[in-house]
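Trainee: Just passing along the structure, written as structure tokens.
None of the figures in this text is laboratory data; all of them are computed from the coordinates on show. Note that this is a predicted model, so its numbers are computed, not measured. Neighbour counts are summed over all protein chains in view; Cβ atoms, including those assigned to glycine, are modelled from backbone coordinates with ideal geometry.
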Amino acid sequence: MASLTGMDIVSVEQFDEGMLRLVFDTASEMKRMVRTRKKSDLLRGHILANVFFEPSTRTMCSFDAAMKRLGGEVISVFESSSSSKKGESIEDTIRCLECYCDVLVLRHPEKGTAAKAAAASKKPLINAGDGVGEHPTQALLDLFTLFSNHPSTTDDLVLDGLNLLLLGDLKHGRTVHSLSLLTSKLSRPPRLTLVSPEVLRMPASVTDVLRSRGLKLEETAKLEEALPGADVLYVTRVQRERFASADEYDAVKGAYTIDAAIMRTAKSDMIVMHPLPRVDEISTDFDADPRAQYFDQMENGMYVRMALLALVLGADLSKL
Ligand code: CP
């Protein structure tokens, strides 16, 4: 029987199919509850510490809303106004906050910090993005969205007929690192097509794992050749904040733009996803196309995070 009670969520590598089913079934229940305006006190008496050392709109606010929709409360901590500015270590910050809360969510610019913080914490800690490392809750909401919205995914966790095209900054994009690794944990994973400028290719540390698990993988820089075969297009932003210089960023920014014109070459029953925020890699002229699923994807983040908080805190789901 799958369980997430008391678990730190640091990497998608911790998840198996049983756990994914549990998260997605619970998220569906949360979605039904919110959409029917049902109230819940499932997490009343619990406090979440939302600790953000990097900017965020969706992840921070959806965790905040998730906790409040389940009757819990939230402490928000931002790097700019925390004692880290006086030189306090992340471990000591976590040791402090865990005295005040029941679960912690941490975003940090350095890869590996979530694991370090989880090791220091006696309370469950959820990685909300660690630099260019991972963003496991984003991958969970991405997969939930894919299963909910792709017309051919009628079978739970079966993706082996699909070609998932990951586009953009695959080097720095923690969302695509986590999503590709998570799909490789499925017994029937999709085929992956990785499209990026040469300098923004997916790191070998990720592709080596994908290949070792037998995933079918293609890498190219030519979007126009790859797009017509895609069943899911997952677009990412070129991450200006990860480049050493403005010149290096300028050389690759705007490498690809998804707009209504290029999307005429794509399948009519495919879907387009994006973790957001976007800059200019998806033109707003495509937003009204029924294949554009990125705003639904964003909304699903709250339902998946409601599920994760309830499961990690061992809530009695029969009370929903
Ligand atoms: N997708 C995502 O992580 O968005 P935020 O940076 O706004 O949290």
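Trainee: Return the whole-Å distance between the Cα centroid of region 253-317 and the Cα centroid of region 51-72.
Mentor: So the separation of the two Cα centres works out to 18 Å.
Trainee: While we're on this one: Among the helices of the chain (complete DSSP H runs), which have Cα atoms covering no less than 15 Å along the helix axis and a Kyte-Doolittle mean of at least 0.0?
Mentor: Working: long enough: 17-35 (27 Å, -0.18); 58-69 (16 Å, -0.43); 136-149 (20 Å, 0.59); 294-312 (26 Å, 0.55).
Correct list, ordered by number: 136-149, 294-312.
Trainee: Shifting gears a bit: Amide H to amide H under 5 Å from SER76: which residues, 5+ apart in sequence or cross-chain, H placed 1.01 Å off N in plane?
Mentor: Result for SER76 returns ASN50.
Trainee: Which value in nm describes the separation of the simple spin-label points at VAL158 and ALA261, placed 7 Å from the Cα toward the beta carbon?
Mentor: Taking the simple label geometry, VAL158 and ALA261 are separated by 4.0 nm.
Trainee: Express the relative contact order of the chain as a whole percentage, based on alpha carbon pairs under 8 Å and six or more residues apart in sequence. Mind showing how you got there, number by number?
Mentor: Numbers: 601 pairs, mean separation 69.4, N = 320.
Relative contact order here is 22 percent.
Trainee: Per residue of region 227-240, what does 6.51 cos²θ - 1.76 cosθ + 1.60 with θ = phi - 60° give for ³J(HN,Hα)? Whole Hz please, x for Gly and Pro, Karplus curve as stated.
Mentor: Working through the residues one at a time gives 4, x, x, 7, 9, 9, 10, 10, 8, 10, 7, 6, 8, 3 Hz.
Trainee: Please find, in a Gaussian network model of the chain (springs between Cα atoms separated by less than 10 Å), the residue of SER180, SER11, SER205 whose mean-square fluctuation is greatest.
Mentor: Of SER180, SER11, SER205, the Gaussian network model singles out SER205 as fluctuating most.
Trainee: Amide H neighbours of ALA292 under 5 Å, at least 5 residues apart or on other chains, H built in the peptide plane: list them.
Mentor: The list, which skips near neighbours in sequence, is VAL272.
Trainee: Please give, to one decimal in nm, the separation of the simple spin-label points placed at ASP25 and LYS86, each 7 Å out from Cα toward the Cβ.
Mentor: If labels sit at ASP25 and LYS86, their model points lie 4.8 nm apart.
Trainee: Right, here's the next one. Please check: in the Gaussian network model of the chain (C-alpha springs, under 10 Å), which one of GLY229, GLY301, GLY168 has the largest mean-square fluctuation.
Mentor: GLY229
Trainee: Then there is this: Any idea what the dipole of the chain comes to, in debye rounded to 20, about its Cα centre with Lys/Arg Cβ at +1 and Asp/Glu Cβ at -1? Mind dumping the intermediate values first?
Mentor: Working: 39 positive and 45 negative charges, 167 e Å.
Dipole size: approximately 800 debye.
Trainee: I want to check the label-to-label distance for LYS111 and ASP289. Put each point 7 Å from Cα in the C-beta direction and report it in nm to one decimal.
Mentor: For LYS111 paired with ASP289, the spin-label model returns 3.2 nm.
Trainee: Still on this structure, I have one more. Could you identify which residue out of THR257, THR207, THR57 has the top mean-square fluctuation in a GNM of the chain using Cα springs shorter than 10 Å?
Mentor: Residue with maximal mean-square fluctuation among THR257, THR207, THR57: THR57.
Trainee: Tally the DSSP beta bridges in the chain and give the antiparallel ones as a percent, rounded to 5. Provide the component values of the computation, followed by the final result.
Mentor: Values: 0 of 34 bridges.
Just about 0 percent of them are antiparallel.
Trainee: Amide H to amide H under 5 Å from ILE126: which residues, 5+ apart in sequence or cross-chain, H placed 1.01 Å off N in plane?
Mentor: Correct list: ILE9, LEU104, VAL105, LEU106.
Trainee: Shifting gears a bit: Quote the relative contact order of region 168-320 in percent (integer), defining contacts as alpha-carbon pairs under 8 Å separated by 6+ residues. Intermediate values should be presented prior to the final figure.
Mentor: On the way: 183 pairs, mean separation 31.4, N = 153.
It comes to 21 percent, rounded to a whole number.
Trainee: Could you give the length gained by full extension between PHE78 and SER268, i.e. 0.36 nm per residue of separation minus their alpha carbon distance, to one decimal place? The partial results should precede the final answer.
Mentor: On the way: separation 190, 0.36 × 190 = 68.40 nm, distance 4.31 nm.
Fully extending the segment from PHE78 to SER268 adds 64.1 nm.
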